[in-house]
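Just so it is clear, none of the values below were taken in a lab; they were calculated from the coordinates. Remember, predicted model here, so these are calculated numbers, not experimental data. Using ideal geometry, Cβ is built from the backbone for each residue, glycine included, and neighbour counts are taken over all protein chains shown.
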Amino acid sequence: MSIRDTSATDRIIEKRVSKKKLAILAGAGVAVLLLLVWLVPSAWRLFSAGSSVSAARLQIATVERGPFVRDIAADGRVVAAVSPTLYATAGGAVTLRVHAGDAVKKGQVLAVIDSPELTSKLAQEENNADAAKVAYQQAMIDARQQRSKLQEAYENARIAEQSAARDLKSYQLAFEKGAVSKLEVDRYHDALEKAQIALKHARDNLGMDNDSLNFEVEAKKLAAQRQALLVKDLQRQVDDLNVRSPVDGQVGQLFIAQTATVGKDAKLLTVVDLSALEVEVTVPESFARDLAAGMPADISGNGRDWKGAVSAISPEVVNGEVVARVRFEGAKPSELRQNQRLSVRIILDKRENVLTVARGSFVDESGGRYAYVVRDGIAYKTPVTLGPSSIDKVEILQGLKAGDKVVISGTDSFNGAAKVAISN
């Protein structure tokens with residue numbers, strides 16, 4: 001008996017595909033496609049840039065157009081605008097009349113210098129001045145006497161000339177009547193000429209000697225005046241032995257001990273004028289060339305704000321810094337004290353509608369020649385021209401426009417590459 005196979009009972013079963021599975025596979029395909037679309041440009045940018053830097057290591061700022069204020073911020077200390085140092089006008093022993101910290105008034109005697117040499121010289125020159133004055137007075141008396149004698153000689157010569165003229169006239173009349181000879185007339189004629197010559201010389205002597213006498217008197221007068229001026233100067237020097245305060249204020253530092261013997265021009269003490277205070281600040285040398293007297297400044301401290309202006313700038317650079325002084329505008333704040341610390345902001349320049357970007361290390365790293373502009377995740381090296389800079393901004397002259405994103409910090413890792421990819 002034969003066994004039948006199962007071919008008669010076999011049938012083909014059709015494979016059914018789940019619609020849910022097809023949807024999942026389709027969605028996965030679309031996601032993979034989108035991922036490729038998103039990754040391929042990034043990978044292409046990374047490949048074209050040659051290097052990639054994390055955005056966390058960078059600082060990016062936007063180029064803006066608006067007001068631009070160049071300023072300098074510095075800490076300063078309150079100092080007296082007037083703090084004169086007093087010196088010895090002559091050598092000698094000094095007696096101090098005040099102590100450090102004493103309040104003093106203008107003209108008050110602060111110290112007295114004992115100078116026997118100067119006082120003795122004054123006495124000698126006063127005697128010389130008296131002698132010069134006497135000599136001047138004697139010269140005037142002598143001149144009057146000499147003028148009197150010259151005037152007398154002139155008057156005598158004039159009378160003699162008139163007498164000779166009358167005698168000649170009488171003898172001429174007598175000669176015409178035959179009473180005298182021609183010889184007598186000629187003799188009186190010669191006498192008249194001699195009298196006229198004598199009168200001329202007397203007149204000339206009166207004028208010339210009078211000028212000479214005037215010169216001599218004037219010389220004596222000038223000598224007396226010169227001596228009087230010398231005495232006046234010595235008297236001033238003796239008066240200056242009383243060292244007086246030039247201002248109202250306070251005694252600062254004493255440079256000598258009590259009754260110390262000092263030489264001429266030795267430092268004695270300082271006086272601080274507390275009625276006029278200024279703020280002394282140190283400014284980096286790079287900003288010093290932009291500073292100028294009269295520039296406005298904002299001063300703050302003790303919870304208060306004051307307006308000020310630059311009053312002086314030191315011509316000397318010390319340790320890369322320049323010392324400047326800022327004065328208070330208006331009345332002096334009464335609550336401030338010498339050497340008190342204050343904050344100062346000096347306004348160098350203020351303009352409107354200026355293209356700027358936040359200041360960063362890129363200014364120094366690139367030397368201001370280029371900047372990295374970020375577009376679509378790539379930082380492009382772009383030539384720029386930078387202008388003046390402030391504490392927080394730098395002016396853009398060429399190469400950038402408003403809205404550009406610029407890497408202002410962290411470009412040291414770019415190594416000067418033309419394009420750098422920025423990864424998140």
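Here the sum of -39500 (n - 2.57) over DSSP H runs of 4 or more residues, divided by the residues of the chain, equals -13500 deg cm²/dmol at 222 nm, to the nearest 500.
Neighbour counts of other Cβ atoms within 10 Å put Y171, Y87, Y372 in the fewest-to-most order Y87, Y171, Y372.
As a length-normalised measure over Cα pairs under 8 Å and 6 or more apart, the relative contact order of segment 116-238 settles at 49 percent. Other residues within the sphere of radius under 11 Å centred on the Cβ of T356, judged by their own Cβ, net out at +2 (K and R +1, D and E -1). Averaging 1/r over each pair of different alpha-carbon atoms in segment 116-238 and inverting the result gives 18.5 Å, the Kirkwood hydrodynamic radius. Between the Cα long axis of helix 116-176 and the first principal axis of the chain there is an angle of about 40°, rounded to the nearest 10. Given +1 at the Cβ of Lys and Arg, -1 at the Cβ of Asp and Glu and no other charges, the dipole of the chain around its Cα centre is 2860 debye to the nearest 20.
One chain, two ends: A312 and Y380. Fully extended at 0.36 nm per residue, the span grows by 19.9 nm beyond their Cα-Cα distance. Does anyone have the angle between helix 19-49 and the longest principal axis of the chain? Alpha-carbon axes, 0 to 90°, nearest 10? Result, in degrees: 30. With a simple spin-label model that places each label point 7 Å from the Cα along the Cα-to-Cβ direction, the separation between T85 and S423 comes to 6.5 nm. Put a dot 7 Å past the Cα of I256, heading toward its Cβ, do the same for S163, and the two dots end up 7.8 nm apart. All distinct Cα pairs of the chain go into the 1/r average, and the inverse of that average, the Kirkwood radius, is 34.1 Å. A111 sits among other residues whose Cβ lies under 14 Å from its own Cβ, and their net charge, with Lys and Arg +1 and Asp and Glu -1, is -1. Can you give the FRET efficiency for T62 and K105, using 1/(1 + (r/R0)^6), R0 = 60 Å, r = Cβ-Cβ distance, to the nearest 0.05? The pair T62/K105 has a calculated efficiency of 0.45. Each peptide in 145-154, 352-361 was scored by the mean count of other Cβ atoms within 10 Å over its residues; highest first, the order is 352-361, 145-154. Computed over segment 292-396, the range of Cα coordinates on each principal axis works out to 59, 31, 22 Å, biggest value leading. Taking each of K194/K220; K105/K232; K267/K307; K149/K194; K307/K405; K121/K220 in turn, the alpha-carbon distance tops 28 angstrom for K194/K220; K267/K307; K307/K405.
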